[in-house]
């Protein structure tokens, strides 16, 4: 059996296990699996339409040897969207892009199908693209402003965390501008390099390499990741649920064996910052002596040992330059 066949069979088997759930109304395969754009290590983004949110289901899961992200959409929200539809507007932004062009497996009451017809037809409408880009750039600018304020007060590490979060929003802003559908976070750096020609420059790619410190030797990246995982996994479980550590370890290549080391290191660092966002946003967590005392390996993995305000200021200048290029172009 080929790996493609095995992957699709496993995805369908996992999806089918929810058919008998009394609160599940419809089921669809989403992401790369739903669109038929898999690679050997694709995880499954599974859409469940539910009567009411099923609290015991976590978003991040590891089932039958496969990473599974469960996206729950309530029946009432979908039906209200369809019934009130008068053309593409901001209501479309309330749904995750992972469901785009999903493969519906179970929808006996035709709840999901009419919604997906509208969603797929209008997600890349000019008005929606403009709103999506505006939304991403607003968040990117917010993170940039925070980074600037923090670095001025000497809080370079927390400033770097905000800049890294902002870079992800800036990337999405570029992708919406150019109508590029984000694919496989586990290969973000790989795809960003490929898409640099469409974007029109390598500045964003170069900035990701610098700001996430991905230009270190692979052996160093791996050593630091493995050393930090005993600290990362408990943080993940307290933030994203008890299965998130298993998801990170196996569905996000925690041993760096897939050949996309830079992308995996980026994912881990980005996820850590997202998990701890509330803490570092309030009290400059990463610049407190207690952080390095409590998490020396994680501090090192996040590249904070030798980080200075001057280094982060250089990243901020490059970030502002990459951001400015979007202001100088009209949407295609």
Which listed residue, of 247, 212, 301, 208, is crowded, with 17+ Cβ neighbours inside 10 Å, touching a strand residue (DSSP E or B) at 6+ places or on another chain (Cβ under 9 Å) and modelled with pLDDT of 95 or more = 247
ask   = If you check residue 245 against the conditions, is it assigned to a helix (DSSP H, G or I) and either more than 24 Å from residue 40 (Cα to Cα) or touching a helix residue (DSSP H, G or I) at 6+ places or on another chain (Cβ under 8 Å) (or both)?
value = yes
task = Could you please let me know if residue 36 is over 23 Å from residue 260 (Cβ atoms) and either loosely packed, with under 14 Cβ neighbours inside 10 Å or within 21 Å of the chain's Cα centre (by Cα) (or both)?
result = no
ask   = Failed condition for residue 205, given (1) closer than 19 Å to residue 164 by Cα; (2) touching a residue at least 24 places away in the same chain (Cβ under 8 Å); (3) part of a helix (DSSP H, G or I), with all others met?
value = (2)
ask   = For the range 90-129, which residues satisfy the criterion of being over 16 Å from residue 176 (Cα atoms) and part of a loop (DSSP other than H, G, I, E, B)?
value = 101, 102, 107, 108, 109, 110, 111
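Would you point out which residue out of 290, 255, 263 is within 22 Å of the chain's Cα centre (by Cα), surrounded by fewer than 14 Cβ atoms within 10 Å (Cβ to Cβ) and in the same structural domain as residue 215 (by TED's automatic domain parsing)?
Going through 290, 255, 263 in turn, the sole match is 255.
The values are calculated or read from the model by the stated rules, or taken from the named source; none is laboratory data. If you're wondering where the values come from, they're calculated on a predicted model, not measured in any experiment. Neighbour counts are summed over all protein chains in view; Cβ atoms, including those assigned to glycine, are modelled from backbone coordinates with ideal geometry.
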